Amino acid sequence: MMWKRFSNGEAEDRETLAVRAWMKELASLPVSDGPLPDPTYLWLKAELLRRWDAQQKATAPIEVGEQVQAGIGLVAATGLLVWLWRTVPGITMTSTASMTSMTSLTMGLAFSAVLLAAIAAVMVRDLIRGS
């Protein structure tokens, strides 16, 4: 489409007339058809958002403390597991009953190690999602 204006007063082409008519029709439409929202509703929503923000700010140190406590607990449990693992070979095996108890102790330690690894993985995932 070419926009040309001639100084000799030639008639405008049909596209220009169609665009002009459409623009006039658009200008005549009201800007807002729906009613404005209730001011009380807007105020309550803003108040709720303000309270949520204040709650997030207040609980942030608690969440950090919980993560630190869980980390310290994992380190302590891992240290206890390592200490128990090192003392297991030192137990003297003299009978079949002690062999059975040694096997169950070893299985318990292995299960605890797997459980600690799973808890550590969940903690790392939560830390990554939180930041």
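In table form, for the structure just shown:
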| item | result |
| --- | --- |
| Per-region count, region 19-31, residues modelled with pLDDT under 90 and surrounded by 10 or more Cβ atoms within 10 Å (Cβ to Cβ) | 0 |
| Test: residue in region 34-43 that is at pLDDT 85 or above, part of a loop (DSSP other than H, G, I, E, B) and of a type in the set (D, E, K, R) | yes |
| Residues that are open to solvent by less than 80 Å² (accessible area, probe 1.4 Å) and either of a type in the set (Asp, Glu) or under 18 Å from the mean Cα position of the chain (by Cα) (or both), drawn from region 41-52 | Glu47 |
| Selection status of Gln69, surrounded by 10 or more Cβ atoms within 10 Å (Cβ to Cβ), part of a helix (DSSP H, G or I) and at pLDDT 90 or above | no |
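The values are calculated or read from the model by the stated rules, or taken from the named source; none is laboratory data. Just so you know, these numbers come straight off a predicted model, no measurement behind them. Cβ sites come from the backbone with ideal geometry, for glycine too, and all protein chains shown count toward neighbours. Keep in mind that these areas ignore ligands, DNA and RNA; they rest on the heavy atoms of the full protein, side chains included. Shrake-Rupley method; radii C 1.70, N 1.55, O 1.52, S 1.80 Å.
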